[in-house]
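I have placed the structure first, in the form of structure tokens, so that the comments after it can refer back to it.
The values are calculated or read from the model by the stated rules, or taken from the named source; none is laboratory data. All values derive from a computational prediction rather than experimental measurement. Please note: Cβ atoms are built from the backbone with ideal geometry, for glycine as well, and neighbour counts cover all protein chains shown. Surface areas here come from the heavy atoms of the whole protein model, side chains and all, with no ligands, DNA or RNA. Shrake-Rupley method; radii C 1.70, N 1.55, O 1.52, S 1.80 Å.
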Amino acid sequence: MTETARPAERRGAARTSVVWDALRPVLDTGSLEVLDIGGGTGGFAARVAGLGHRVTVVDPSPDALAALDRRARESGVEVTGRQGDVSSLREVAAPASVDLVLCHGVLEVVDDPGAALASIREVLRPGGTLSLLVAQRHAAVVARAMAGHFAQALAMLDDPAAGGRGTRFTEDEARSLLVSAGLDVRAVHGIRVFADLVPGSLLDLEPGATAALLELERAVSGRPEFRPLATQLHVLAG
């Protein structure tokens with residue numbers, strides 16, 4: 001990510017880079033069967049396919065899948081797009097057939113997160129990996145309070161769906177859902193611990209700020225004391 005990129009792109013790099021760091025040991029184990037649920041236009045999928053993995057993206061949006069196809073062609077990789085969602089995984093993958101499932105930003109918008117995780121567990125091979133990225137509620141409370149929306153912050157303390165924009169999870173809630181679905185938590189990382197708190201003007205005006213922010217995000221991502229500040233939680237389970 002260059003210093004000429006827009007602040008929003010720089011903040012996005014703080015998310016994708018830390019998630020990518022956590023996934024690389026899994027992706028470097030050999031050629032994998034990968035299922036990207038809600039993968040949209042293929043931001044992750046094309047990059048994973050570029051490493052030699054077989055990738056299928058499942059997304060409900062025909063427009064997103066069309067954009068995925070264009071991205072794959074432009075990147076010179078092959079990615080299979082299938083219209084559907086987490087409830088239709090049985091139509092896409094056979095039981096115990098997938099090495100890696102990417103489920104990023106999906107659990108927040110499904111009606112039954114537990115059932116969604118159970119469906120994912122069915123298609124994972126023994127020893128396979130789920131990469132789960134979810135919105136984290138404590139950080140949303142802080143963000144609402146800092147913006148002066150105190151009533152919303154109060155409501156979100158104990159209500160995962162308060163404030164709109166889907167369900168937000170605490171780390172304990174995410175772990176509980178995974179365990180109930182028969183999945184073992186292997187690692188948890190905090191994503192965007194500081195990135196969403198840093199003024200965009202600082203990233204615009206301070207030379208080297210983007211690189212320094214990314215270095216800081218990587219340093220704190222694995223520290224549990226900072227995870228309540230993280231906008232998102234990245235969990236590796238299997």
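Here Val134 meets the list (1) surrounded by fewer than 22 Cβ atoms within 10 Å (Cβ to Cβ); (2) within 30 Å of Gly30 (Cβ to Cβ) almost entirely, failing just condition (1). Within the range 94-120, the set of residues being in contact (Cβ under 8 Å) with a residue 40 or more places away in the chain, closer than 21 Å to Gly40 by Cα and either open to solvent by less than 10 Å² (accessible area, probe 1.4 Å) or not in a loop (DSSP other than H, G, I, E, B) (or both) comprises Val98, Asp99, Leu100, Val101, Leu102, Cys103, His104, Leu107, Pro113, Leu117, Ile120. Of Val188, Val134, Val235, all but one fail to be within 15 Å of the chain's Cα centre (by Cα) and over 16 Å from Gly105 (Cβ atoms); the exception is Val188. Does at least one position in the range 165-173 carry a residue that is modelled with pLDDT under 95, more than 22 Å from Ala118 (Cβ to Cβ) and not in a loop (DSSP other than H, G, I, E, B)? For the range 165-173, residues modelled with pLDDT under 95, more than 22 Å from Ala118 (Cβ to Cβ) and not in a loop (DSSP other than H, G, I, E, B): absent. Across the range 191-214, the qualifying residues are those that are loosely packed, with under 12 Cβ neighbours inside 10 Å and either touching a residue at least 60 places away in the same chain (Cβ under 8 Å) or not aliphatic (A, V, I, L, M) (or both), and the one among them that is nearest to Trp20 (Cα to Cα) is Gly208.
Note on the range 117-146: residues that are in contact with a Pro (Cβ under 7 Å, 6 or more places away or on another chain) and either closer than 17 Å to Leu178 by Cβ or of a type in the set (Val, Ile, Thr) (or both) amount to 3. As a summary of the residue check, Gly164 satisfies the conditions (1) surrounded by fewer than 17 Cβ atoms within 10 Å (Cβ to Cβ); (2) touching a helix residue (DSSP H, G or I) at 6+ places or on another chain (Cβ under 8 Å) except for the one numbered (2).
Can you confirm whether Leu51 is modelled with pLDDT of 90 or more, within 30 Å of Asp196 (Cβ to Cβ) and part of a loop (DSSP other than H, G, I, E, B)? I'd like the intermediate steps shown before the answer.
Working: modelled with pLDDT of 90 or more: yes; within 30 Å of Asp196 (Cβ to Cβ): yes; part of a loop (DSSP other than H, G, I, E, B): yes.
Here the answer is yes, as Leu51 does meet what is asked.
Of the numbered criteria (1) open to solvent by less than 70 Å² (accessible area, probe 1.4 Å); (2) of a type in the set (A, V, I, L, M); (3) outside any strand (DSSP E or B), the one Val188 fails is (3).
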